[in-house]
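A.B. asks: Here it is: the structure, laid out below.
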Amino acid sequence: MGAERRRSVALGITGASGAIYATRTLAALLAQGVHVELVVSDYGRRLLRDELGEAASVDQLLPFLTKQYGPDVAAGSMNVLSNRDLGATIASGSHGCSGMAIVPCSMKTLAAIAHGLSRNLIERAADVMLKERRPLVIVPRETPMSLPQLRNMVLCAEAGAMMLPAMPAFYQQPRTFDDLADFMAGKILSALGFEHQLYPEWTGKVEK
Ligand SMILES: Cc1cc2nc3c(=O)[nH]c(=O)nc-3n(C[C@H](O)[C@H](O)[C@H](O)COP(=O)(O)O)c2cc1C
């Protein structure tokens, strides 16, 4: 890969609650100048519209992100791939994607990754990350969790994925949903190897 080529990351959005975590993560990656290969499942598409409104539908995501998070998102680029296209770039280990995050990750997609099903592009790209030993960050959201769901998380962790549950912290004194989303997006960017200032570092005491 040429040194001039910008870093490329895959982002999967599935139908688990927490669409704001996905849009915040996408905006933060774009603001870093990253190229994002974006795949949204059918229920992920529904989630974006149900939780954030029609303005956040996939075909309008860029203007939505610009309005919500500012013009810095223009630093990056984004390619929207069909979840049905198992011949897309990120379905192959030869594609130079440096990592993948699935935000949020439904229990269905979690189960599929745990068992290597590769039935759609999100599942296949996750499988590629595991076989190529590249970072795979899974952000599951469900509560409470059944034993099979807990076991599927262990299987993914054993296979090399980072399990990063949608569990924002409160030490940074969040006041808005955006504060909570910033924390989760920051954790995801850290796990993918990016520096950021999405949440304050823990200083040993709660800053009021
Ligand atoms: C509004 C809404 C919220 C949902 N929230 C969750 C959730 O938090 N966690 C989960 O595992 N599934 C949730 N589901 C169910 C999944 O969307 C469903 O299992 C779907 O088949 C997941 O498919 P996907 O992984 O391909 O997106 C939700 C569904 C809807 C419609």
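A.B. asks: Given a Förster distance of 41 Å, report the FRET efficiency between Glu207 and Lys67 from their Cβ-Cβ distance, rounded to the nearest 0.05.
C.D. replies: About 0.90, to the nearest 0.05.
A.B. asks: Sticking with this one: Compute, for region 6-96, the length of the dipole vector about the Cα centre, with Cβ point charges of +1 (Lys, Arg) and -1 (Asp, Glu) only. Units Debye, rounded to 20.
C.D. replies: Dipole of region 6-96, to the nearest 20 debye: 160 debye.
A.B. asks: Rounded to the nearest 20 Debye, what is the dipole magnitude of region 49-208 about its Cα centre when Lys and Arg each give +1 and Asp and Glu each give -1 at the C-beta?
C.D. replies: Rounded to the nearest 20 debye, it is 400 debye.
A.B. asks: Related question: For Thr176 and Ser98 in the same chain, what is the full-extension length gain: residue separation times 0.36 nm, less their Cα-Cα distance, in nm?
C.D. replies: Using 0.36 nm per residue and subtracting the Cα-Cα distance, I get 24.9 nm.
A.B. asks: Oh, and also: Go through region 183-199 residue by residue and turn each phi into a ³J(HN,Hα) via Karplus (6.51, -1.76, 1.60, θ = phi - 60°); whole Hz please, and just put x for glycine and proline.
C.D. replies: Here the 3J(HN,Hα) series is 5, 5, 4, x, 4, 5, 4, 4, 5, 8, x, 9, 7, 6, 10, 7, 8 Hz.
A.B. asks: Still on this structure, I have one more. Near the amide H of Cys105, under 5 Å away, which other amide H atoms are found, from residues 5 or more places off or on another chain, if H is placed in the peptide plane?
C.D. replies: Val139, Arg141
A.B. asks: Quick one: 3J(HN,Hα) in Hz for region 34-41, Karplus 6.51/-1.76/1.60 with θ = phi - 60°, rounded, Gly and Pro as x.
C.D. replies: For region 34-41, the Karplus curve yields 7, 8, 10, 8, 9, 10, 10, 6 Hz.
A.B. asks: Something else: Run down the lysines and flag those whose C-alpha is under 30 Å from the C-alpha of Lys131, throwing out any fewer than 8 positions away in its chain.
C.D. replies: Within the straight-line limit of under 30 Å, Lys131 reaches these lysines: Lys108, Lys187.
A.B. asks: Is it possible to state the helix-based mean residue ellipticity at 222 nm for the chain, with each DSSP H run of 4+ residues giving -39500 (n - 2.57), the sum divided by total residues, to the nearest 500 deg cm²/dmol? What is it?
C.D. replies: Only helices count here, giving -12000 deg cm²/dmol.
A.B. asks: Using each residue's phi in region 86-103, evaluate 6.51 cos²θ - 1.76 cosθ + 1.60 at θ = phi - 60° and report the 3J(HN,Hα) Karplus result to the nearest Hz, with x for Gly and Pro.
C.D. replies: Couplings: 7, x, 6, 2, 6, 6, 10, x, 6, 6, x, 6, 8, x, 9, 10, 10, 9 Hz.
A.B. asks: By average Cβ neighbour count within 10 Å, what is the ranking of 112-122, 20-30, 53-63, 89-99 from highest down?
C.D. replies: The most tightly packed comes first, giving 20-30, 112-122, 89-99, 53-63.
A.B. asks: Let me ask another. Under 1.5 on a/c is rounded, so check that first for the chain, then, if it is not, pick prolate when a/b is larger than b/c and oblate when it is not; a ≥ b ≥ c are the square roots of the alpha carbon gyration tensor eigenvalues.
C.D. replies: Rounded, because the longest to shortest axis ratio a/c is under 1.5.
A.B. asks: Please go through region 123-178 and write out the trypsin sites (Lys or Arg not before Pro) that DSSP classes as loop and that have at most 16 other C-beta atoms within 10 Å.
C.D. replies: Within region 123-178, the qualifying trypsin sites (Lys or Arg not before Pro) (loop, at most 16 other Cβ atoms within 10 Å) are Arg133, Arg175.
A.B. asks: Which one of Gly44, Ser8, Ile20 has its Cα pushed farthest toward the positive end of the charge dipole of region 1-62, where Lys and Arg give +1 and Asp and Glu give -1 at the Cβ?
C.D. replies: Ser8
FYI, it's all coordinate maths here, none of it is from the lab. All values reported here derive from a predicted model rather than from experimental measurement. Cβ coordinates were reconstructed from backbone atoms using ideal geometry, including for glycine residues, and neighbour counts include every protein chain displayed.
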